[in-house]
Amino acid sequence: MQALDPFDIPGTVTAITGMGGLPAILVRTEWSLAAIYPHGAHVTRFQKTGEPPLLFMSAASEFSSDKPIRGGVPVIFPWFGPREGLPAHGFARVTTWELLEAAALPDGSVKLRLRLPATGSYEAHYIVTVGSSLTLELAVTNTGDADFTFENCLHTYFQVGDASHIGISGLLGTRYRDVLTGADLTESEDPIRIAAEVDRTYQDTTATVEIHDPGLRRTIRVRKSGSLSTVVWNPWIAKSIRMPDFGDDEYPHMVCVESGNIATNAVTLNPGQAASLIVELDSLAPVGPGLGLR
Ligand code: TA6
């Protein structure tokens, strides 16, 4: 197990023993607080001063070295979804990454760099920058001599006041696969409302998505680059009951808006090529039409 305390920066970066006894890093900046686990390179907490957490964490989540963490930002790589005989959503989220760097930057933000243990044909780094917003970068380089095709996704769980009162904007007119029915449709709602289980994979979209939340009186903004797919997910009642590491009554308090490259948007890197998936997560004062917020 890698010792993390050599990366300590007094008052800013602190190695801790986290949930389940897993090693973790606590980051404090003048604007925010964050927690990162090398297990899965998993950000479990980002909270701006004076605000509720931006990220939802399930009270029923596992914290063990062979299980994914439920909540925060799971790193999905190198495949999305189920694979016969293999872990769903890839192995990156159930692998312990190596912490390479922890640095306090001149602008007051803090940067952590983690690396997925080498596989021989590609290198995957994860850069977490904590400041007045949270920026996450999954950088993949093909170090082999054959093309490498993969899917990736930052499967972010956002904390909301009440999922049935939020509005999700930015996806109007975008094609999506409804995972529940298998149908391929075009988004006709703006904002999107949630009133049942939702599991949609939007394709060919680089759009910024906003979650308008009257309950917590804020708008969450998800900006991204290097990503053509967006997933919107809420398990609602029945699926929540089927998930052992998720509370039956937790679904109203979260929504996943995920950024990645999935299915027809999968990435192919030629030998020597690299690609980065980057998301910036932030919250703004409440804005948005038709939500009685203004
Ligand atoms: O991103 C949405 C999704 O693919 C859903 O289908 C749902 O299964 C969710 O991910 C959670 O997957 P997990 O493997 O973490 O239970």
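For the options 173, 40, 72, a Gaussian network treatment of the chain with springs between C-alpha atoms closer than 10 Å singles out 173 as fluctuating the most. Placing +1 on the Cβ of every Lys and Arg and -1 on the Cβ of every Asp and Glu, with nothing else charged, gives the chain a dipole about its Cα centre of roughly 340 debye.
Ranked by solvent-accessible area (1.4 Å probe, protein heavy atoms only, all chains present), the residues 79, 31 order from largest to smallest as 31, 79.
On alpha-carbon atoms, Rg over Rh for the chain using Kirkwood Rh?
0.95
No solvent, one uniform scatterer per C-alpha: report log10 I(q)/I(0) for segment 160-282 via the Debye equation at q = 0.10, 0.23 1/Å, two decimals. Taken in order of the listed q values, log10 I(q)/I(0) reads -0.33, -1.39.
What does the C-alpha gyration tensor say about the overall shape of segment 67-166? Classify as rounded when a/c is under 1.5, otherwise prolate if a/b is larger than b/c, or oblate. Note, shape of segment 67-166 comes out oblate. Each of 240, 169 has its accessible area taken with a 1.4 Å probe; listed largest first, they run 169, 240. Restriction of the GluC sites (Glu not before Pro) in segment 144-248 to DSSP coil positions whose beta-carbon has at most 15 other beta-carbons within 10 angstrom yields 189. Accessible surface of residue 165, taken over heavy atoms with a 1.4 Å probe and every protein chain present, rounds to 110 Å². Computed with a 1.4 Å probe on the full set of protein chains, the accessible area for residue 5 sits at about 90 Å².
Distant-in-sequence amide contacts of residue 39, defined by a placed amide H-H separation under 5 Å and a gap of 5 or more residues or a different chain, comprise 97. Considering only alpha-carbon pairs that sit under 8 angstrom and 6 or more positions apart, the relative contact order computed for segment 184-224 is 28 percent. Estimated at the nearest 10 Å², the accessible area of residue 176 is 20 Å² with a 1.4 Å probe.
Note on the chain: lysine pairs with Cα distance below 22 Å, sequence gap of 8 or more or different chains, count 4.
Given an 8 Å cut-off on Cα distances and at least 6 residues of separation, report the relative contact order of segment 51-136 as a percent.
Values: 126 pairs, mean separation 14.0, N = 86.
Normalised by residue count, the contact order of segment 51-136 is 16 percent.
A 1.4 Å probe run over segment 190-287, with the rest of the protein chains in place, finds 38 Å² accessible per residue.
Taking max minus min of the alpha-carbon positions on each principal axis, segment 100-229 gives extents of 44, 40, 21 Å, largest first.
Restricting to Cα pairs below 8 Å that are 6+ residues apart, what does the relative contact order work out to for the chain? Please round to a whole percent.
Values: 809 pairs, mean separation 49.4, N = 294.
Relative contact order, the chain: 17 percent.
The values are calculated or read from the model by the stated rules, or taken from the named source; none is laboratory data. In this text, all values refer to a predicted model and were calculated from it rather than measured experimentally. Using ideal geometry, Cβ is built from the backbone for each residue, glycine included, and neighbour counts are taken over all protein chains shown. The accessibility values were calculated without ligands, DNA or RNA, using every heavy atom of the protein model including side chains. Shrake-Rupley method; radii C 1.70, N 1.55, O 1.52, S 1.80 Å.
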